[in-house]
Amino acid sequence: MYDSWGEWREDRRRILTEPPLPTAPATVAFCALCWGQGRIWSAARNGEGLIPVACGHCQGKGVMHSAC
């Protein structure tokens, strides 16, 4: 906890001025087929609309690990 508003302000200022952390490592790329969602929409077996199905390209992970 903070002892004063000054400490809180300094902490907030430090957090807001730090560069953001990367959301994914550089060796990871989003799947081009499902666009990182991990699923694609497929026709339902009974023909009544669409259902989400795990992406076969990335096995439902949404990311592809590059060889670099």
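Coordinate-derived values only; no laboratory data. Note that the structure is predicted; figures quoted are calculated from it, not measured. Note that each Cβ is placed from the backbone with ideal geometry, even for glycine, and that neighbours are counted across all protein chains shown.
Check off (1) surrounded by 10 or more Cβ atoms within 10 Å (Cβ to Cβ); (2) on the phi > 0 side of the Ramachandran plot for residue 37 and give me the number that stays unchecked.
(2)
For residue 64, only one of the following conditions fails: (1) part of a loop (DSSP other than H, G, I, E, B); (2) of a type outside the set (D, E, K, R); (3) within 13 Å of the chain's Cα centre (by Cα). What is its number?
(1)
What's the total number of residues in region 1-35 that are part of a loop (DSSP other than H, G, I, E, B) and of a type in the set (Phe, Trp, Tyr)?
2
Just to be sure, is residue 16 within 15 Å of the chain's Cα centre (by Cα) and more than 18 Å from residue 59 (Cα to Cα)?
Working: within 15 Å of the chain's Cα centre (by Cα): no; more than 18 Å from residue 59 (Cα to Cα): yes.
For residue 16, the condition - within 15 Å of the chain's Cα centre (by Cα) and more than 18 Å from residue 59 (Cα to Cα) - is not met.
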